[in-house]
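Right, one structure below, let's go through it.
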Amino acid sequence: MRNFFFLRLFIWFSLRDMRKHKGRVATVLLGIALGAAVFSSVRLSVNASLDSFAKSMDLIAGQADYIITRPGGHVPENLITHLWNHRAIKNVSPVLSTYTRIAQAGSEPFLLIGFDPILDRPLRNWRIAPTTDPKAVVWFDLLKEPGTIILSEPLMRLLNREPGDRLLLEHVHQRSNFKILGKLEPEGLALAEGGQIALTDIATFQEFTGLFGKVDRIDLKLKPFATAQDLADIRQMLPESIQLNLPTAARESGQMMIRAYQLNLSILSFASLFVGMFLVYSLVALNAASRRHELAILRSTGASAYHIFFIFLAEGAFLGITGWLAAIPLGNFLIKYLLHGVSQTISTLFVRVRVDELSLSVFEISFSFAVTVGISILAAYQPAREAMQVSPKEALEISQLGMRSRKSPGQLALGGLICILLVLPLSRLPAVLGMPLPGYLAILLLFAGFSLLAPWALQRISRRFSSLLLRRAGIPAYLASRYVRDSGTRTAVSVGALITAVALFTALVIMIYSFRQTVEYWTYETIKGDLFLTSKMGEINRFRYAIPQQVIDNLQDYKSEVDILPNRRFFLNYGKFPYEFELLDIQGFMQYASFFWLKGDPHKIRPMLKGGKGVIVSEVFSNRTGLTVGDVFEAQIEGSYVELPILGIVRDYRTQGGVVFYSMPHFNAQYHQTYWGGLRFFFKDRSQDLDLAVAKLRNEIIDRMGDKVDMFSGKGLRGAVLRIFDETFAVTTVLLLIALVIAALGIATTLTVMVLERSQQLNTLFAVGASFRQIRTMIFWEAGFMVVIGELAGVVCGFILSYLLVYVINRQSFGWTFLYGVDWGSLGLSIPLIVITALAAALPAVKMVFRQPPATLLRER
Amino acid sequence: MNVEKSQPVISAKGLTRVYRLGDSEVIGISQVNLEIAGGELVVLKGNSGSGKSTLLSLLAGLDRPSRGELMVARHDLNKTSDSQLTHFRRQVVGMIFQSFNLLPTLTALENICLPALLAGKSIAESRPRAMALLEWLGLDARLNHLPAQLSGGEMQRTAIARALINDPAIILADEPTGNLDSRNGQIVIELLAELNRKWNRTVLIATHSTLADEMATVKIGLRDGMITDPP
């Protein structure tokens, strides 16, 4: 009964009042809906990529208990017979995989897996769809007939093929014609890689790729009684360069990278919700203040203070719930855009993902609901507490004094100062569980601190400039400054929202500019080269295939014109952290290009590096592993165990982990010979037209070796790096603009309600001789004060925030920092635009003035 | 502004104000005919809903009539533009309200100077007169106090000073003693009477109270929006 009574009271008191003020409620709901939609759709998009990646990795890993790999290389196939004889091993399955594509311009690559259908059966779930010939045993034909393949259904549709058709596929060394035997049922392994996958027999695969006698890995399934000793025995059996690992290692390292990105985007999208919180506070606080007399009447007729408290908390909850529901259609729209953008970013920066479906996880939906409603209730808490203090005797008083602020601006400013002072020590704390949580807390305190300073700043500035305004700008400006000065926390809340949005905007403009400038410098110093050449589909296959010897031999003809610098990249793991070990011709490289030095004396390091005396590591590698100058780098690389001192640290913005550089000739001499995975060309004559020279060389190579290699002009590659950079920040920019829109909504709501609440004052002004124009000008001046102060404080806050983003958040999330730089041009241009937008938010308030005729001033009581 | 005592300063013929509320109409006043000479102290009497506030709002230029003619201090309030009405409210009438209607964020002195500033005068120009008014009303020790720091009587006297800052010819007071105790109410009525007698201002007081009855030179009754004999 009590609950029903409360519900009835809420409906009578709150909902009916909201129905009378549909406009302002709708504005707040829109703000909450936008924030919730952004937050939910960002998380769902990244989760879709995470799920897709994890699903693919799990489907490919199958039931394997362990996998055998060789870091940076391949595993000899003959190991299988030794493993098969071990008493603890139940199943053994060799696996190879590569990306291939049909031999047609513009075709998309897909994953081709080579396996033994008999050995693999117990380890992975896959089923071939029945064919028209009931006697056909497709998987057996896969074994029996060379050059045969099975495709997943989506892939078959994409390539417009049927069982029985032929498929010309291309790879590093050759093109091969495959016969399509059948299609996979849409289950198990067929669902990996977004459903675009093909299977072939291991022998066919090896013939196609040239990897005779080698496999990528051997998957093991152990017998139930296998012990730790058995595992140790198995390890003993393996040659030194071969490792036994859990199958989840690759998945976990990929997930770790995606999660860091997810956390950053979540925090950014949370900012939209945070700004929306100010809207809720604003509306509930104004409701509580403007209905103060009614609250007193409620109290005087028997409502308890807690009734009042929970009514306003319930208003906050109602706004949160309704806003979240309104976010559903908005989120549907946003997610279509975000899903593509986010998965593309993840594929480009971290690991390849192909999202085939969006799953609405109960956890994510509940989480988004809980966060939205939670912060709405939190926003309503303070106004609810103030409202419960209204005394019943106020029912008898005629109050013309407006809202009484209980907290002095000075007290709030002190709190704000404490928050800001805590920012520096918090930012110095290390990451927690790999996440920059102290950094994020520092950012929250920064926003809170500046928002708490807002009332004091409004008061001080208005007090300082009141007389000047009266003399120079007239009575409307003066009255506006006086009102803003004395309105206390009311206007300060909207100013706080604007400070948050402007600070975010400023900080991200600076961060993106700093990042871009640094990356641009890095590409021009380190990714130097007139032409780059790899084996066909080299990049997507992570440079695992050598450039054909025939190509290398042919290229010797150009040695008089160009210096050809070879390199080789190994993709390894340091614990769970993925990184690249890159061998290159350091001597040649340093003639034309440079590393972007961060730590260590380049003059001392260069000769040592050229002499193969040690390695240099990227900043990301150093920050992630904790290894620094003077430490020893150790790694198993194919058949060799490498131990080298770290000579220096360089900036490198290559994604997918850190980088370690070493001299290729010295590796070949000290450890083992390795093939060339890529080539970099530099024209010796630097005075010629290099664009023309590159185009000519490229055409000649295509004519001679055409389809055996992939080539990129240096200019094109550097441009592509920057383009990818710009695309990855497109999502960030959209989120930011939404936060600004929400802040503008906050200003509009506050000003409108301030006008409505002060209708008696405004009518009095009218009665004592103010014109419509003077009163409207006064409203614009009020908006102007709020916006200017919000803007200025936001910019200052934004500069501090930018330092946190560059030197704390990025460093702890991704391992890198960049050179700090400010794009004064963009900042200078954007700030007036923000001011104009925010002032436009004053228009609804201006229209509200004298919605009721001034004669109501004299309405008899 | 001075108006000759013999000339009608307020003249209304067939003055009607009808309010439209949704589908229905509410008559504020109907067919009011009125002539008030300059320098009169008029008491307007009537119960709640009689139309006193409607009539006062028309006379103050806060509202426009639905029908009829209305001349106030040679201003035809039917035909004036918005900017002319603004000038009218600044210079011709001074309003005093039941609930004082002082701006809470301005001091007593600032509230008084406000109409002058709105009329384009500087603070330096308006301050001397404001100080003189404060002194006359016994508020010179309160000039820097905010309304929250004033008593009810002090607030109403501040409001009277505000009404007089631009030296209007006509003072309109809507239940000026409604929120005051009898002593302060008496003080306020006596001040208004003094304005009328000494300063020759036309004063119109709408009230239930009998405090002003003795000092009135004209009494007008209103009932159901029409002029009647005063009670």
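Points worth noting:
- Among helices (runs of 4 or more DSSP H) entirely within the range A:90-202, having at least 1 residues that are surrounded by 19 or more Cβ atoms within 10 Å (Cβ to Cβ) and under 33 Å from the mean Cα position of the chain (by Cα) singles out A:153-159.
- Evaluation of residue A:458 against (1) within 14 Å of another protein chain (Cβ to nearest Cβ); (2) surrounded by fewer than 22 Cβ atoms within 10 Å (Cβ to Cβ); (3) within 18 Å of residue A:414 (Cα to Cα) (one fails), failing number: (2)
- Selection from the range A:500-535 of residues that are outside any helix (DSSP H, G or I) and surrounded by 22 or more Cβ atoms within 10 Å (Cβ to Cβ): A:529, A:531, A:533, A:534, A:535
- Unique residue being within 12 Å of another protein chain (Cβ to nearest Cβ), modelled with pLDDT of 90 or more and closer than 22 Å to residue B:169 by Cβ when the list is B:70, B:59: B:59
- Filter result for residue A:796 (more than 14 Å from every other protein chain (Cβ to nearest Cβ) and surrounded by fewer than 22 Cβ atoms within 10 Å (Cβ to Cβ)): yes
- Looking only at the range B:38-55, and only at residues there that are part of a strand (DSSP E or B) and within 14 Å of chain A (Cβ to nearest Cβ), the one that is surrounded by the fewest Cβ atoms within 10 Å (Cβ to Cβ): B:45
- From the list A:822, A:788, the one residue that fits, being β-branched (Val, Ile, Thr), in contact (Cβ under 8 Å) with a residue 12 or more places away in the chain and not in a loop (DSSP other than H, G, I, E, B), is A:788.
- Exclusive hit being at pLDDT 85 or above, farther than 20 Å from residue A:504 by Cβ, of a type in the set (A, V, I, L, M) and out of contact with any His (no Cβ under 6 Å at 6 or more places or on another chain), set A:420, A:443, A:461, A:365: A:365
- Enumerated helices (runs of 4 or more DSSP H) restricted to the range A:213-323, each holding at least 1 residues that are within 19 Å of residue A:38 (Cα to Cα) and modelled with pLDDT under 90: A:248-290
- Matching residues in the range B:98-120 - criterion: being in a loop (DSSP other than H, G, I, E, B), more than 7 Å from chain A (Cβ to nearest Cβ) and either over 26 Å from residue B:181 (Cα atoms) or touching an Asp or Glu at 6+ places or on another chain (Cβ under 9 Å) (or both): B:98, B:120
- Across the range A:694-720, the number of residues qualifying as more than 20 Å from residue A:677 (Cα to Cα) and surrounded by 18 or more Cβ atoms within 10 Å (Cβ to Cβ) comes to 1.
- Residue tally, condition facing chain B (nearest Cβ under 9 Å) and either on the phi > 0 side of the Ramachandran plot or part of a helix (DSSP H, G or I) (or both), over the range A:758-785: 11
- The test for being in a helix (DSSP H, G or I), of a type in the set (Gly, Ala, Ser) and within 30 Å of residue A:582 (Cβ to Cβ) does not hold for residue A:14.
- Residue selected from the range A:676-693 under the condition in contact (Cβ under 8 Å) with a residue 40 or more places away in the chain and exposed (fewer than 14 other Cβ atoms within 10 Å of the Cβ), by the criterion nearest to residue A:557 (Cα to Cα): A:684
- Residue within the range A:550-567 that is part of a helix (DSSP H, G or I) and farther than 30 Å from residue A:700 by Cα present: no
- When residue B:75 is tested against (1) within 13 Å of another protein chain (Cβ to nearest Cβ); (2) crowded, with 17+ Cβ neighbours inside 10 Å; (3) free of Cβ contacts under 8 Å to residues at least 60 places away in the same chain, just one condition goes unmet, and that condition is (1).
- Selected residue (criterion: surrounded by the most Cβ atoms within 10 Å (Cβ to Cβ)) from residues of the range B:121-132 that are part of a helix (DSSP H, G or I) and within 14 Å of another protein chain (Cβ to nearest Cβ): B:130
- Complete set of residues in the range A:429-447 that are within 19 Å of residue A:796 (Cβ to Cβ) and more than 18 Å from the chain's Cα centre (by Cα): A:442, A:444, A:445, A:446, A:447
- Subset of the range A:607-618 [within 21 Å of residue A:658 (Cβ to Cβ) and not small (Gly, Ala, Ser)]: A:608, A:609, A:613, A:615, A:616, A:617
- Qualifying positions in the range A:148-184 - more than 17 Å from residue A:110 (Cβ to Cβ) and touching a residue at least 60 places away in the same chain (Cβ under 8 Å): A:173
- Residue match in the range A:338-347 (condition: surrounded by 24 or more Cβ atoms within 10 Å (Cβ to Cβ) and over 19 Å from the mean Cα position of the chain (by Cα)): no
- Residues of the range A:204-232 that turn out to be touching a residue at least 12 places away in the same chain (Cβ under 8 Å) and loosely packed, with under 15 Cβ neighbours inside 10 Å, as a count: 5
- Residues located in the range A:465-480, provided they are buried (at least 24 other Cβ atoms within 10 Å of the Cβ) and more than 10 Å from chain B (Cβ to nearest Cβ): A:480
- Per this entry, residue A:440 is not counted among residues that are aromatic (Phe, Trp, Tyr), within 14 Å of chain B (Cβ to nearest Cβ) and touching a residue at least 24 places away in the same chain (Cβ under 8 Å).
- Members of the range B:135-173 found to be assigned to a helix (DSSP H, G or I), out of contact with any Phe, Trp or Tyr (no Cβ under 8 Å at 6 or more places or on another chain) and in contact (Cβ under 8 Å) with a residue 60 or more places away in the chain, listed by number: B:160, B:162, B:163, B:164
- Scanning the range B:78-97 for residues that are surrounded by 15 or more Cβ atoms within 10 Å (Cβ to Cβ), more than 9 Å from chain A (Cβ to nearest Cβ) and part of a loop (DSSP other than H, G, I, E, B) gives B:80, B:92.
- Residue within the range A:636-655 that is polar (S, T, N, Q) and surrounded by 22 or more Cβ atoms within 10 Å (Cβ to Cβ) present: no
The values are calculated or read from the model by the stated rules, or taken from the named source; none is laboratory data. Just so you know, these numbers come straight off a predicted model, no measurement behind them. Glycine gets a Cβ as well: all are built from the backbone with ideal geometry, and neighbour counts include every protein chain shown.
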